[in-house]
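The values are calculated or read from the model by the stated rules, or taken from the named source; none is laboratory data. Everything quoted here is computed from the prediction, not taken from an experiment. Cβ placement follows ideal geometry from the backbone for every residue including glycine, while neighbour counts extend to all protein chains displayed.
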Amino acid sequence: MNKISNTCYSSHFDVTIIGAGLAGLQCARDLSAKGISVLLVDRKSDLTKGVHTTGIFVRKTFEDFEFLAGTLGRPIRNVELYSPKLRSMRLESDMDEFRIGRMGPLYESLLSECIASGVEFLPETRFVSIETGVSSSHVSVMAHHGARSPHVTSGSTVILEKNGSQFSVNTKVIVGADGANSAVARSLGLDQNREMIVGYEEVYHRKTTHSESVLHCFLDAELAPGYIAWVADDGVEIHIGVGGYSSGYKPREALETFKKKIASKFDPMELSFAESRGGRIPVGGILRRISNEVGLLIGDAAGAVSPLTAGGLDPCMRLSAYAADVITESIKTADPSVLSAYSGKAFRSRFISRLWMRRAISIARSQTLLELGCRFLRGKLGAKFAKHIFFGRGSFPDVHYLDGRRTTSSAWSKRGSGEVA
Ligand SMILES: Cc1cc2nc3c(=O)[nH]c(=O)nc-3n(C[C@H](O)[C@H](O)[C@H](O)COP(=O)(O)OP(=O)(O)OC[C@H]3O[C@@H](n4cnc5c(N)ncnc54)[C@H](O)[C@@H]3O)c2cc1C
């Protein structure tokens, strides 16, 4: 476990990030690599506990981003798609399409990188509020580079709470990486997620490693209304879960029924229970107003989740990297208005077809309709469409901020495969 500081060594930071999930960790690491002083805050005492994602990374992510060894499971190439009556079809790929992240080690490795590059991390610390325009102008010290920031800007005061006591820090920019129900978004008066599904799963370890790895997806309007139930099996770890629209949905009960439904396919005697995970997933598409002159939102707080697949890991990594570019520019130029370049409107256009598909899925609450839909998918045209959804690289765009412009590229450097040995 990483050694973590319990006190705040400074009261002035260029950037304060609330939330040390994947979005916050990635943004903190990128910012500190650019010489920005960062305070990273999380209410958790241990980032490896209370994980609320299955952690399936798509090919696009592990092709484009670096993962340290031991943070990704074995590759999964094939998908098995089931109708409500358990009629199945197999989608095969000749490429490694998915990898289940080992989220505890992944969060820890990112946190280690952050701390090594000078990020100050405050665990067990809750964001309370932000007061704008009350802090005096300050010159921040770029702690780990020993250089003084050349620009003097006014900032905000962030109120935090640790062990029941409140204290404040001054910051030039605040970043809300605090998940789907973002308190930072509320405090900054930015857009908030409205449309959510709730997911719940159990994680098991296989008692003996299985040679085949498959992502099983089940369409079922009763057990997973508006979404899917899944068995993500990389031969070592197996995640059995359900997701659906939250109003009146009881995911724990749905999971029990789902396990009975698939009992003949997955022998519980072969598995040993590790943990359960759950949480809300915003599926209304990226929010429009995700920044103002005080700060910005990343990850689930910004609604950066594919409305169709509810995959949020790839979008959160890409949006966090872009946010780090924009914040760096705003600090370098001492011009907080640069932050307004960071808008969700530009991204939303990329998701129009997915948003429409989400609408269609959200109203397809009949088993007969889903059975018919699956029959279509088993046809030639349907299979092509299904392969495009599961194996396509069309997710969140790669964006950078260069010379005051938003640019798109796919050039990310890659360090290692991250595969678990
Ligand atoms: C059950 C489930 C399964 C999923 N499976 C997948 C998947 O397989 N693949 C995929 O691509 N996506 C998946 N998603 C979506 C994906 O997990 C999220 O989009 C992604 O994890 C979001 O990361 P984040 O850093 O934005 O938010 P989070 O991971 O939610 O991190 C937010 C952090 O902020 C902290 N925090 C919150 N409020 C405060 C506060 N007031 N003060 C201080 N700290 C605070 C929290 O403790 C937390 O550590 C799944 C989601 C769920 C719920």
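Here are a few things to note about the model shown:
- Residues that are out of contact with any strand residue (DSSP E or B) (no Cβ under 9 Å at 6 or more places or on another chain) and more than 16 Å from the ligand (Cβ to nearest atom) within segment 257-288 comprise K260, A263, S264, D267, M269, R288, listed in sequence order.
- Qualifying residue in segment 87-101 (condition: within 16 Å of the ligand (Cβ to nearest atom) and among the aliphatic types (A, V, I, L, M)): yes
- Per the listing T48, T16, the residue uniquely within 13 Å of the ligand (Cβ to nearest atom), farther than 30 Å from R378 by Cβ and surrounded by fewer than 19 Cβ atoms within 10 Å (Cβ to Cβ) is T48.
- Residue in segment 54-112 that is nearest to I228 (Cα to Cα), counting only those that are of a type in the set (S, T, Y) and not in a strand (DSSP E or B): S83
- Residue ID - farthest from A263 (Cα to Cα), chosen from residues in segment 207-245 that are in contact with a Ser or Thr (Cβ under 8 Å, 6 or more places away or on another chain) and outside any loop (DSSP other than H, G, I, E, B): Y245
- If you go through segment 29-45 and keep only what is more than 11 Å from the ligand (Cβ to nearest atom) and of a type outside the set (S, T, Y), you end up with R29, D30, L31, A33, K34, G35, I36, V38, L39.
- Considering residues of segment 51-77 that are within 11 Å of the ligand (Cβ to nearest atom) and in contact with a helix residue (DSSP H, G or I) (Cβ under 7 Å, 6 or more places away or on another chain) only, the residue farthest from N163 (Cα to Cα): K60
- For segment 305-383, the helices (runs of 4 or more DSSP H) that sit wholly inside it and include 1 or more residues that are away from the ligand (no atom under 16 Å from the Cβ) and among the β-branched types (V, I, T) are 313-332, 352-363, 367-378.
- Segment 224-235 - residue that is at pLDDT below 95 and not small (G, A, S) and, of those, farthest from the ligand (Cβ to nearest atom): P225
- Hits in segment 339-353 (condition: at pLDDT below 90 and over 19 Å from the mean Cα position of the chain (by Cα)): S340, A341, K345, A346, S349, I352, S353
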